[in-house]
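Input: a single structure, listed below in structure tokens.
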């Protein structure tokens, strides 16, 4: 009888975590446990299958009693720690919530170390780069110049994962995610918000003049890259940018969404955010692309997939 491979995904009712769970359960040899406190996650993002190879547990990883009981009753081979307070406005309004996530990082690492987990994966962020001192942003350069609690916690988290490898030999992989969009993405994030507004012919709000640049990674590229690291047993004790390197201004993104959706939406300029709206974001994804062995999903293709999906739901 083939042995099950047991996965734990914290924050698995979110955009990337939910997408990962849905992908992993397609393999009947996998068993996926999703843990989420549903503060920003949603039950609708969990795997929508009748198969018995997944389960959901409502729990708070920042509460040791909650998460330790999950580890005590199961033996996980791989742990993806994706739970975090997300969303620029939310993280700015609730900095203590954000700082609390350090407890979750400590809990996950301590429990993984003591239960024989093969590897822990951490969802870090492009925010660790702060205001860029180079473009594209490379994994070897981390300027630590951001004052925002979210970026600070991600930097602290990376240090924790490296330290647990150094002290205890717990293998890790750190993902620095750059804007990952999917059908599960909430309207807290720009691609989903623009598409949903465009399909309703509503105004599309842009903070500032829209000249700030971003890059957007289709979740398929994110998941395929993750699968490669697991299946080929590579990327141990390393840090990777996970994103796309095609830079676009926010206003051009809005115009492209309007055009692709054949929308009558107008663009409305809003006051700039006081903090958290970095002028440029563009990763060096040379290593990611090399491991994938293919080109990344073009933005227009990904937007059209999202438009088609949202239209079917309307």
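The values are calculated or read from the model by the stated rules, or taken from the named source; none is laboratory data. Remember, it's a predicted structure, so these values are computed and weren't measured experimentally. All Cβ positions, glycine included, derive from the backbone under ideal geometry; neighbour counts span all protein chains shown.
Out of 226, 239, 215, which single residue is in contact with a strand residue (DSSP E or B) (Cβ under 8 Å, 6 or more places away or on another chain), touching a residue at least 12 places away in the same chain (Cβ under 8 Å) and under 16 Å from residue 19 (Cβ atoms)? Answer to the check: 226. Among the residues making up the range 193-208, a single one is in a strand (DSSP E or B) and surrounded by 22 or more Cβ atoms within 10 Å (Cβ to Cβ): 204. Can you confirm whether the range 168-185 contains a residue that is without any contact (Cβ under 8 Å) to a residue 40 or more places away in the chain, farther than 18 Å from residue 88 by Cβ and outside the structural domain of residue 266 (by TED's automatic domain parsing)? Checked against the condition, which is being without any contact (Cβ under 8 Å) to a residue 40 or more places away in the chain, farther than 18 Å from residue 88 by Cβ and outside the structural domain of residue 266 (by TED's automatic domain parsing), the range 168-185 yields at least one hit. Restricting the first member to the range 109-136 and to residues that are on the phi > 0 side of the Ramachandran plot, and the second to residues that are crowded, with 16+ Cβ neighbours inside 10 Å and modelled with pLDDT under 95, the beta-carbon pairs closer than 8 Å and six or more apart or on different chains are 130/146; 130/151; 130/278.
Taken over the range 157-192, residues that are farther than 19 Å from residue 285 by Cβ and assigned to a helix (DSSP H, G or I) amount to 13.
Of the helices (runs of 4 or more DSSP H) contained entirely in the range 1-101, those carrying at least 2 residues that are buried (at least 24 other Cβ atoms within 10 Å of the Cβ) and either assigned by TED's automatic domain parsing to the domain that holds residue 150 or modelled with pLDDT under 95 (or both) fall at 15-24. Of all residues in the range 251-282, those being at pLDDT 95 or above and under 25 Å from residue 134 (Cβ atoms) number 3.
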